[in-house]
Amino acid sequence: MTTAWSMVHVLAGIFSRPEHGGSTLGWVIGRVLLVLLVAHVVLIVGALMVWSERRVSAWMQDRIGPNRVGPEGLLQPLADLGKFMFKEDVIPRHVDRWIYVLAPAISLLPAMVTFAVIPFMGEVQQAGDWTWHQSWQIADLDIGVLYILSMAGISVYGITLGGWASNSKYSLLGGVRASAQMISYELSLGLAIVPVLLMTGSLGLGDIVRWQGEHGWFLFFQPLAFFIFLVSAYAETNRLPFDMPESETELVAGYHTEYSSMKFALFFLAEYTHMTVGSALVVTLFCGGWTLFGLEALGPWMGLLSFALKTFFFLFLFIWVRWTIPRFRYDQLMALGWSWFIPLALLNILLTAAALATGIPALLYVMPVGLLAAALVVVGIVYRREKTAVRPLAADPTSALWSGNRPAGGGATGEVGS
Amino acid sequence: MATQVLYILFGGMALGAALLAVTRKNPVASAIWLVVMFFGLAATYVVMEAFFVGAIQILVYAGAIMVLFLFVIMLLDLRQQMLEGKPTTRLRFFGVLAALLFLVVGVVALGDAKDRGLLHRAVTPLPREADIVAANPDATSLVDLPLDGTAGAIADEMFTRWVLPFEVASVILLGAILGAVILTKRRLT
Amino acid sequence: MTAAASFLAVTVPIEWSIFLGLALFAVGLIGVTCRRNILLMLLSVEIMLNAVNVLFVAFSRVHHDLAGQVFVFFAMTIAAAEVAVGLAIVIAVYRLRQSTDVDDAQDLHDVDHGPLPRIVLEGEDQHHHDHDHHDDHEHGHAGDGHGDEAHGHDAEGHAAAVSGEDHHG
Amino acid sequence: MADLLLPLASAGHAAEVVTEGFKAWAPWLVLFIPLGVAFLVAAMPPLRKRGNAAAALAIAGVATGFILTTVLYFLPLLGGHGATYEAVVDWIVVGDVVIQFGSRLDSLALIMTMVVTGIGTAIFVYALGYMHGDPAMGRFYGKFSLFVFSMLGIVISPNFFQTFVFWELVGVSSYLLIGYYWKKHSAGEAAKKAFLTNRVGDFGFLLGILMVWTAVGEATGTLSFDFEVIRHAVFEEGYGASFFGSSWLAGLGAILVFCGCMGKSAQFPLHVWLPDAMEGPTPVSALMHAATMVAAGIYMMIRCFFVLQGSSWAPTVVAWLGGITAFIAATMAITQRDIKKVLAYSTLSQLGYMTMALGAGAYTAAMFHLTTHACFKALLFLCAGSVIHGCHHEQDMTHMGGLKSLMPSTYRTWMIGTVSLTAILPIAGWWSKDEILGSYVGNASIAGGPLLLILGLAVAGMTAFYMFRATHMTFSGSYRGHHPAHESPKVMTGPLWALAIASLFVGFIGIPDNTFGTAHTNIFEHLLHDWHVGESAHLHVWLAALSTVIAIGGALLARAIYAKSEGKDPLPAKLGGIWTLCNELWYVDRFYLWLVRTVQQGIANVCWWFERNVIIQGAINGLSQGTRASGEALRRAQSGRLGAYVTSFVVGAVIVLLVVLVQLQLR
């Protein structure tokens, strides 16, 4: 770790911004190198996640998991890669060829580029008389959060297009479900961040992390926002318990039913990259990013370590949840998003704004905790009820969207189809 | 130099993508090309240093509007609709002619305006961070500095000068939501 | 100014942006006029809206007035609203017609509705009264026809039915 | 003109102005107590049903007003000089134009308020007896209070705008009161007639106000309705000259303002409503035609006398209109058989006198005559009411007679009133009427002034004649009625005596300064300290003697003809055509009837034809047919193809762009 850090540090010193004394060419080369570095790290982490998911799930189910390739099976991803590479690349005749080929790449890309704005460590910067904490990231956009939301918004394309291009009913349903689900949860995702932005006063992720370094993590200020963001992130990454687009029991494998070989591997990798990005975002927005209660002052490597450990924890949480909580029904998923998360997030925004406007800091500490508790109690009650009452799918208003021209209501209302 | 090159690159990309979008037979292909156009335009916005607009261009158009389009295309399963009936040749001819005429008239007007010296200004770059620091010796933090085209500056403008239009826009959105819900209800009772 | 700054700081002439806007608008126009699929017409309208946005941003930067960029924001809001309602209409039309071709929805083309009522003054001859009454009768039928339309699927057939009634009148 | 204006300009502003404290706000109390009473009566059915309770409330209200005003008036006078009480609030603010609402109680307004509330109190008490047994007495007192409120609003008004608002309120409440016996057809008709005739005058009034308003704005640079501002404009800003540079327009403005007076004070040719208004209960007639409504016009003209003074020719017109009114009303009064009608025409005639005074610039004299007339005319009306009450609602004098012994109190008070009205020294009416006639002596500002003086003297004779004619027909001889007559109760004779005493003595406050050679006998001019303008009244001994002789002569002539006539009138036979002319009211009403029935109906017929044949047949049906035809022609264009619509739209837009571009190129 230390070696890796010193290398980064040297690079960073040489390739600092021209305004801070670096040379233009050096800065450009440095940026490019940084991009390559981050991209590789993300991909490697994604690959490792494949391994760790299998190990952790095995551990949870009292199995052993892959342990043959390399120490503790760590090289298993490499072996998988080889397997994918050499498998036959089937492109069915009925597919929409161009889009079919493009879709896996499209699905991986947004996750990768999101990392451009995530600050992974910090250090003290100087320019003339000025001294400030600088977050290390590829680009400290002042619209960082908007950028993230944009990328989250377009990440749906890969899955949707893949599902459509496959020209099979399971794939199509998976794709349609994915688009509806991700549009829905994008809203709660975005709304959950708003209180954070209100309190920080900036859209830049670097600023948000610095604010948390000075005042404390948003996890403590905004537990409800944290909760909503976390669950919405699960939905956005199509992970269990929200893996509607690929739910095996209903749709075989959803949008990637028709895919094989490296194309399937890319979809696979995209999912894990999304998980990584999601975890990194949760860490950045709510768990202080590279800060660690002042310990980051020990040196930039401490910030990097803190960031990595927190991210790994949330990645572990992803896996933990997957093997613990059963899949939601589609109508439950939609009801949770539209009827609970969005109103709660709006309420949270309102209360936070009120607390900020009235200038009563105590509200900021007490109110969110109470909200979270109330929300959890309500959700618990609802799911207890949902579990006992099994509704027929036809009664669900949204089901009309999936059933083409089937009349809704089934005739229970006495309506005679025209 | 780089700015101009980038502008031409992304602007051309947007234009080409737009042309492809309106000429594809496959609606999904049209939609994808339109997404490409949105990205191209977002990039030109960034080149013009309108970062906020660039970001919401992707967020709103590519992330929401086009997904909705794709969603509807898939919902209606328009694969069969790809072989759409051709409009009468006369109509198509007049349509293209009118559009081209519009372009010609626009370019002529542009040239005319340039001849009259109405276009002497160009899209100017923002002051650099260092310049701003130099120009504001009293500021104690970067956050205090006036930056053009950023989210903060636009927010200042939007919530002071344009707060009424902002609220009106929200009401329009509400109306649109209600309209969409009512229109897509299966039966109005 | 440092090298990097000067590397990036070369300006973009305003007429490039104007041309880009014009061209995009023309492309959108072609789309709206030449496509018959209602979804693609909506898409083309989006292109036209974007063409305007380009000009907004460009002039905003030229004049250093953020109003232009704020208006882009509003334009996007309106576009979102328009698309939401437009797509809802598309779905509604599709349900009714099983088609997204605009030429399949021609209910508003010319139909003869018979003579209009006129103001008849007190003390005018009985003939006019008669005529007026007749008008009402006919309108009653026309109303029935519209009622049928709600259930009917074939616009052409409906139009034929109405004009047939007129011949009776 | 200028030499006349100078003494006018020096009038006013001598008094202390009180704008704060209870004194300033007390007028509001005086104003709003009657409104409160009216509101209570309207809003509380129990009160409305118990007439006596409503009456007590109303009497208490108006009496409070009288006491309050009197105290307000005399308190500062004890200190040596008068006071003006002013309490205004901004009412309507439109841009630069600020219209105020409130009260400005200078000496003029104070005297008027005292007259209104004082005589009002007497009449209110009297009505308690007169209206006894009327099931709708609560309603009566409610409307009565509303009427007093409207009148007071005019009196205390500081500006034309408020005056106009209350002017209309007076119109409405008089409509309600005249039509009090609404089940009687003639009462309803009379109410309508009064209202419509007043509308004619009010319309002119409104135009006049607006003309003055703009002219004042022209002269001073500020648009204002305020009387003080107008006064300032007239006397110091050259308003008359700068009235858009036209003295003709200045006169027109004054005459239009006078139109309001013409309506309310029933001047020729808008006098026709007043006699008909006798359809109301007698207390109403007394209040409306003695102290309040008809006085409102005169009061308003005195209040804004500077408007009249701003013009060179308008006063002449006013004076002549007053003279004509006084004369023809007197001739009409001679022919009446209805006791209330006699008094009504007499009122007209006296108002004519006041208007003559206005024309001559003798505003103090006009106000003085208004005050004395209010006393004795109220007294006479109440006496007439008492007679009518005593004779069981008989109004025809030929069915009366011999009431001298049957109704002694009524007879004595009636005689005091008659002598006062007839203007026989030294009772009230003589002083005031003589002051008016005196203002014409040596007055060169009125064209035909001497003629008017002779007219005034003739009217004085006729006044004596018709009053004593009425007296003899009513009280002399033997009783010819069908029901036994009786004296009225104390509650009615009490107010009669109060007013009689007032009529006896009120004249002495206005003895011209030169009468006894010592100064300051003219208390009225002193009372009207900040409003007395022009020269002081002057006693012309020859005129006094002449008018007294004429009056006594008229009285004696009436006695000779009617003392023994026992209800039969020998005059119609003797006078012939002249009698018919007077009895037919100079054919004014018939002329109006012809105007409405023939002229207006003819115009309406033409309009009706035009509307029916041109507008409905031509324009409306033509429009619909035209729309229809063009629609038929154009509906082929509605192909229903969206693409075609869009394309044609785009082509059109491009054409417009091309045109614009070409135009730009050509420029």
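The values are calculated or read from the model by the stated rules, or taken from the named source; none is laboratory data. None of these values were measured; they are calculated from a predicted model. Neighbour counts run over all protein chains shown; Cβ positions are idealised from the backbone, glycine included. Each accessible area value is taken on the protein alone, full model and side chains, heavy atoms only, with ligands, DNA and RNA left out. Shrake-Rupley method; radii C 1.70, N 1.55, O 1.52, S 1.80 Å.
Summary table
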item: Acute angle (nearest 10 degrees) that the helix D:293-303 long axis makes with the longest principal axis of chain D, alpha-carbon atoms; result: 80 degrees
item: Interface B:A - total buried accessible surface [probe 1.4 Å, Å², rounded to 100]; result: 3000 Å²
item: Protein-only accessible surface order, largest first, of A:282, D:491 at 1.4 Å; result: D:491, A:282
item: Cα-based Rg of the stretch A:26-86 normalised by 2.2 N^0.38 Å, two decimals; result: 1.48
item: Mean separation of Cα contacts under 8 Å, 6 or more apart, over the residue count of the stretch B:1-45: relative contact order %; result: 46 percent
item: Sequence-separation-based contact order of chain D, relative, with Cα cut under 8 Å and 6+ spacing, percent; result: 13 percent
item: Overall form of the stretch B:1-85 per C-alpha gyration tensor (a/c, 1.5; a/b vs b/c); result: oblate
item: Local net charge near residue D:44, Cβ-Cβ under 13 Å (Lys/Arg +1, Asp/Glu -1); result: +4
item: Percent accessible area from carbon and sulfur atoms, the stretch B:1-85, protein chains only, probe 1.4 Å; result: 78 percent
item: Averaged over D:653-666, number of beta-carbon atoms from partner chains that fall within 10 Å; result: 3
item: q = 0.23, 0.28 Å⁻¹, the stretch D:355-414: log10 I(q)/I(0) [Debye, one scatterer per Cα]; result: -0.84, -1.10
item: Spatial separation of Cα centroids for the stretch D:304-377 and the stretch A:196-244, in angstrom; result: 92 Å
item: R0 of 22 Å, Cβ-Cβ distance residue B:118-residue D:656: FRET efficiency to nearest 0.05; result: 0.60
item: Complex-versus-alone comparison for the stretch A:80-99, residues with a loss of 10 Å² or more in accessible area, probe 1.4 Å; result: A:96, A:99
item: Total accessible surface hidden between B and D, rounded to 100 Å², 1.4 Å probe; result: 900 Å²
item: Cα coordinate range in the stretch A:87-379, projected on the principal axes (Å, largest first); result: 65, 46, 30
item: Nearest 10 degrees, 0 to 90: helix D:247-264 Cα axis against chain D principal axis; result: 60 degrees
item: 5 angstrom amide H check on residue D:88, placed H, neighbours 5+ away; result: D:103
item: Residue-level accessible surface for residue D:480, protein heavy atoms, 1.4 Å, Å²; result: 50 Å²
item: Cut-off under 5 Å, modelled amide H: who pairs with residue A:122 long-range; result: A:136, A:303, A:304
item: Amide H contacts of residue D:338 (H built 1.01 Å from N, under 5 Å, at least 5 apart or other chain); result: D:397
item: Sites residue A:85 and residue B:77 - FRET efficiency at Förster radius 25 Å, r taken between beta-carbons, to 0.05; result: 0.10
item: Per residue value of the accessible surface for the stretch A:28-111 (all protein chains in place, 1.4 Å probe), Å²; result: 62 Å²
item: The stretch C:11-106: relative contact order in percent, alpha carbon pairs under 8 Å with at least 6 residues between; result: 28 percent
item: Degrees separating the helix D:408-422 axis from the principal Cα axis of chain D, which is the longest one; result: 70 degrees
item: For the stretch D:97-151, accessible area per residue (1.4 Å probe, heavy atoms of protein chains only), Å²; result: 19 Å²
item: Average partner coverage of A:185-193, which counts Cβ from other chains inside 10 Å; result: 1
item: For the stretch D:652-657, 3J(HN,Hα) per residue [Karplus equation, 6.51 cos²θ - 1.76 cosθ + 1.60, θ = phi - 60°, Hz, x = Gly/Pro]; result: x, 4, 5, 4, 4, 4
item: Distance between modelled label sites at residue A:260 and residue B:156, nm, 7 Å Cα→Cβ extension; result: 6.1 nm
item: Whole-percent carbon and sulfur share, accessible surface of the stretch D:291-335, 1.4 Å; result: 84 percent
item: Cα-Cα over 21 Å, subset of D:377/D:564; D:264/D:377; D:143/D:341; D:192/D:377; D:340/D:377; result: D:377/D:564; D:143/D:341; D:192/D:377
item: Total accessible surface hidden between B and C, rounded to 100 Å², 1.4 Å probe; result: 7500 Å²
item: Rounded to whole Hz, the Karplus (6.51, -1.76, 1.60) HN-Hα couplings of the stretch B:22-36, x for glycine and proline; result: 7, 9, 5, 7, 6, x, 5, 4, 4, 4, 5, 5, 5, 4, 4
item: Straight-distance crosslink candidates among lysines, where the alpha carbon sits under 19 Å from residue A:83 and sequence neighbours closer than 8 are dropped; result: A:263
item: Residue-wise HN-Hα coupling along the stretch D:345-355, computed from phi with Karplus coefficients 6.51, -1.76, 1.60 (Hz; x: Gly, Pro); result: 5, 4, 4, 3, 4, 5, 4, x, 4, 4, 5
